[in-house]
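First the structure, in the form of structure tokens, and then the observations on it.
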Amino acid sequence: MTDALWVALALVLVFEGLLPLFSPITWRRVFEQALQLSNGQIRFLGLASFAAGLLLLWLLS
């Protein structure tokens, strides 16, 4: 189980690094736009991401 968590963390880091690696201008623009969001909007995006991750885990298991 612990190995699977390390693999999952490694994959998250790989995917998170793709946009700044291949398109740093777009990555910077995304962060500039994120700074314009309210706390409620950021929380909603976090909730949606969390729910999508749980759904994907449920579907894969």
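The values are calculated or read from the model by the stated rules, or taken from the named source; none is laboratory data. Note that the coordinates shown come from a computational prediction; the quantities given were computed from them, not determined experimentally. Note: ideal-geometry Cβ built from the backbone for every residue, glycine included; neighbour counts use all protein chains shown. The protein model used for the area step is the full one, side chains on, heavy atoms only, and it has no ligands, DNA or RNA in it. Shrake-Rupley method; radii C 1.70, N 1.55, O 1.52, S 1.80 Å.
Numbers for the structure displayed
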| item | result |
| --- | --- |
| MRE, 222 nm, helices only [DSSP H, n ≥ 4, -39500 (n - 2.57), over the chain, to nearest 500] | -30500 deg cm²/dmol |
| Among (1) 4, 19, 34, 30, 10, 3, 1; (2) 4, 14, 13, 22, 22, 15, 8, 2; (3) 4, 21, 22, 16, 13, 10, 7, 4, 2, 1, the entry derived from the coordinates for P(r) over Cα pairs in 5 Å bins from 0, in percent | (2) |
| Set of region 23-48 residues, backbone N closer than 20 Å to the point 7 Å along the Cα-Cβ line of Glu16 | 23-37, 42-48 |
| Approximate spin-label separation Arg43-Ala8, in nm, with each point projected 7 Å along Cα-to-Cβ | 2.5 nm |
| Per residue solvent-accessible surface (Å²) - the chain, probe of 1.4 Å | 95 Å² |
| 3J(HN,Hα) from dihedral phi, region 51-58, Karplus parametrisation 6.51/-1.76/1.60, rounded to Hz, x for glycine, proline | 5, 5, x, 4, 4, 5, 4, 5 |
